[in-house]
Amino acid sequence: MPFEHLIDLNDFSVKQWNDIISLALDIKKDEKKYSKVCENKIMATLFYEPSTRTQMSFQTAMIKLGGQIIGFDNPQNSSVAKGENLTDTIKIVSGYADILVMRHMLEGSAKAAAMYADCPVINAGDGGHLHPTQTLTDLVTLQSEKGRLTDLKIGLCGDLKNGRTVHSLIKALSMYKNNSFVLISTKELCVPQYIKDWMDKYNCPYKEVFSLSEAMAELDVLYMTRIQRERFESPEEYERQKNVYVLDTKKLFNAKKDLIILHPLPRVDEIELSVDKDPRAMYFKQAVYGVYARMALIMTLLEMKPKGSLISHNHSSTICKNPKCITNHEVYLEKSYKQSGDLIVCDYCDDRQLL
């Protein structure tokens, strides 16, 4: 039986997002009221990539709801080290659990997992593709601290190419009225075309700039990201990009008094420690909001009715050109594409190629 999953936040309606946000903020007001909601429920956390905040916030969320946890945070301590494929791992573990949370280094992996799972699957990050629960965290933070999710000018700075948190956040905030984006990155790290296409589709204004200082004065929200060493093909490429954007107190001089500074964390050196003392710095609070967001999400998914297939079933022998796509590593997966004009779009990783 197919389940309701959270692979891409845009799989849900804006009303559903708002309901989850409201529930998260209600949980924040009175945690005890929800302390037994998941009694006798088990959550499996399968983290193929390192994580601190996402993994621990999910674990904390389930414990606060009265549930229990199984899983691994290092695939070398599981049968993956023996060569077990993704779908076999998912079939086995989802048979033990009521809900499954997975982070994986390959793009489209969460969608592949959901095709074979016997319980709801939550995407906790699939490579440089998407990170929907971080976006839920960001929305809860903005609603609580800013008081609205509309009429915002959001600056996103750093690795916009590989930043799955950036991709998910743009897709979400594009759905709210009168939002616009200032995309601050080098040419090499600009947002992928499919994200630009998304903003164009929903008539969401955006501009691309190279200077953080010049953009600062117009922003309501600044979303900093780290330059991700693990997404680069070579150390030399990483070294060329890593210190291009650093937020310090001097750059905040012309910023709005009610600016909110967010960061999905971990940071490396892109925000100086001195900024932590600024009342506009919300990234540590943001991490705490993540627990409430995930508590609300777990409750919601466990109560939702099953739905249909995740894949369009437009099967093809065409090989996805994205080397990080799950279909190029778990080769037994059926290739599937949607058509968009003269392009085909991979159902797993959203990579686009000409027909």
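The values are calculated or read from the model by the stated rules, or taken from the named source; none is laboratory data. Computed from a prediction, not measured in an experiment: that's the story for all the values here. With ideal geometry, Cβ positions are generated from the backbone for all residues, glycine too; neighbour counts draw on all protein chains shown. What goes into the accessible areas is simple: the full protein's heavy atoms, side chains included, and nothing from ligands, DNA or RNA. Shrake-Rupley method; radii C 1.70, N 1.55, O 1.52, S 1.80 Å.
For region 97-118, the count of residues that are at positive phi, of a type outside the set (A, V, I, L, M) and open to solvent by 30 Å² or more (accessible area, probe 1.4 Å) is zero.
The residues on offer are TYR245, TYR206, and the sole one that is at pLDDT 95 or above and touching a Ser or Thr at 6+ places or on another chain (Cβ under 9 Å) is TYR206.
Residues in region 142-201 that are open to solvent by less than 10 Å² (accessible area, probe 1.4 Å) and at positive phi: GLY158 only. Total residues in region 68-90 satisfying the condition of being surrounded by 14 or more Cβ atoms within 10 Å (Cβ to Cβ) and either in contact with a strand residue (DSSP E or B) (Cβ under 6 Å, 6 or more places away or on another chain) or of a type in the set (Lys, Arg) (or both): the figure is 5.
When region 258-302 is filtered for residues that are farther than 23 Å from ILE184 by Cβ and among the hydroxyl-bearing types (Ser, Thr, Tyr), the ones remaining, listed by number, are TYR289, TYR292, THR300.
LEU136 meets the conditions (1) part of a helix (DSSP H, G or I); (2) at pLDDT 95 or above; (3) surrounded by fewer than 24 Cβ atoms within 10 Å (Cβ to Cβ); (4) not charged (D, E, K, R) in every case but one. The failed one is (3). Within the option set ASN18, ASN10, being at pLDDT 95 or above and of a type in the set (S, T, N, Q) holds for one residue only, ASN18.
Any residue in region 86-101 that is basic (Lys, Arg) and within 30 Å of VAL345 (Cβ to Cβ)? The answer is yes, given that some residue of region 86-101 is basic (Lys, Arg) and within 30 Å of VAL345 (Cβ to Cβ). Report the residue count in region 183-229 for those that are of a type in the set (A, V, I, L, M), assigned to a loop (DSSP other than H, G, I, E, B), under 14 Å from LYS153 (Cα atoms) and touching a Phe, Trp or Tyr at 6+ places or on another chain (Cβ under 8 Å). Adding up the residues that qualify gives 0.
Of all residues in region 72-83, those that are under 18 Å from ALA97 (Cα atoms) have Cβ atoms under 7 Å from Cβ atoms of residues that are part of a strand (DSSP E or B) and aromatic (Phe, Trp, Tyr), 6 or more apart or on another chain, in PHE72/PHE47; ASP73/PHE47; SER78/PHE72. The set of residues in region 88-127 being part of a loop (DSSP other than H, G, I, E, B) and under 22 Å from THR300 (Cβ atoms) consists of TYR96, ALA97, ASP98, ALA117, ASP118, CYS119, PRO120. Figure legend. Inter-residue proximity from region 51-66: first residues part of a helix (DSSP H, G or I), second residues open to solvent by 70 Å² or more (accessible area, probe 1.4 Å), beta-carbon distance below 7 Å, spacing 6+ or different chains. Indicated pairs: GLN55/ASP73.
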